[in-house]
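First the structure, in the form of structure tokens, and then the observations on it.
The values are calculated or read from the model by the stated rules, or taken from the named source; none is laboratory data. If you're wondering where the values come from, they're calculated on a predicted model, not measured in any experiment. Reconstructed Cβ throughout: ideal geometry from the backbone, glycine too, with neighbour counts over all protein chains shown.
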Amino acid sequence: MEISFISQNEEQTADIAARLSELTQIGDIWALHGTLGMGKSVFARAFIKNLTDAEEVPSPTFTLVQMYAAPHFEIYHYDLYRLEKPSDIFELGVEEAFYSGVCLVEWPEKMEKLAPRNMWNITFEPEKNGRKITISADDEDKIQRLQQWQNVK
């Protein structure tokens with residue numbers, strides 16, 4: 001299943017992220033695809049802020065991962081842009097994070113074949129004066145949650 005939105009600005013991207021954050025569950029991995037400057041960090045920041053009391057949500061560009069406490073799980077925000085080789089993800093604690101928390105992963109393609117198969121995929125692409133944001137899921141549970149979310153929004 002796939003749903004697309006056009007975002008004209010950062011506020012609209014943040015709104016989409018905040019609304020999507022409300023359907024997340026433990027074990028969800030949100031793979032954020034797109035080139036530099038497309039809105040991945042804006043999306044991640046709004047997603048995290050909607051679920052936590054974090055005032056600051058810095059990009060983990062240099063630390064590669066930041067963690068945040070939400071009421072029912074930990075949120076792990078990964079920025080893999082500087083990842084040297086795919087196997088380095090294991091040094092970042094992904095095994096535990098992928099199963100016991102909620103993960104936002106910028107530059108998921110850096111994981112190559114080590115990327116989990118059952119991820120939410122969010123793709124950011126240029127679209128006239130804005131961004132096209134496409135949310136897709138293949139897993140039946142995610143498809144049902146996305147359909148319910150779409151009917152409520």
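The table below lists the values:
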quantity	calculated
Those residues of segment 112-126 which are buried (at least 20 other Cβ atoms within 10 Å of the Cβ) and not in a loop (DSSP other than H, G, I, E, B), in sequence order	Trp120, Ile122, Phe124
Residue satisfying all of: in segment 9-59; in a loop (DSSP other than H, G, I, E, B) and among the aliphatic types (A, V, I, L, M); surrounded by the most Cβ atoms within 10 Å (Cβ to Cβ) among these	Met38
Inter-residue pairs, beta-carbon under 6 Å, first without any contact (Cβ under 8 Å) to a residue 24 or more places away in the chain and within 16 Å of Ala137 (Cα to Cα) and in segment 2-29, second small (Gly, Ala, Ser) and surrounded by fewer than 16 Cβ atoms within 10 Å (Cβ to Cβ), 6+ apart	none
Residues located in segment 92-129, provided they are modelled with pLDDT under 90 and charged (D, E, K, R)	Glu95, Glu96, Arg117, Lys128
Selection status of Leu83, closer than 22 Å to Ile143 by Cβ, at pLDDT below 95 and either in a loop (DSSP other than H, G, I, E, B) or in contact with an Asp or Glu (Cβ under 7 Å, 6 or more places away or on another chain) (or both)	no
Subset of segment 3-18 [polar (S, T, N, Q) and either more than 18 Å from Asn121 (Cα to Cα) or touching a helix residue (DSSP H, G or I) at 6+ places or on another chain (Cβ under 8 Å) (or both)]	Ser7, Gln8, Asn9, Gln12, Thr13
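Here is a yes/no grid of residues against (1) of a type in the set (Asp, Glu); (2) touching a Pro at 6+ places or on another chain (Cβ under 9 Å); (3) more than 13 Å from Gly34 (Cβ to Cβ):
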{"residue": "Glu74", "(1), (2), (3)": "yes, no, yes"}
{"residue": "Tyr78", "(1), (2), (3)": "no, yes, yes"}
{"residue": "Asp88", "(1), (2), (3)": "yes, no, yes"}
{"residue": "Glu95", "(1), (2), (3)": "yes, no, yes"}
{"residue": "Val102", "(1), (2), (3)": "no, no, yes"}
{"residue": "Glu106", "(1), (2), (3)": "yes, yes, no"}
{"residue": "Glu112", "(1), (2), (3)": "yes, yes, yes"}
{"residue": "Ile135", "(1), (2), (3)": "no, no, no"}
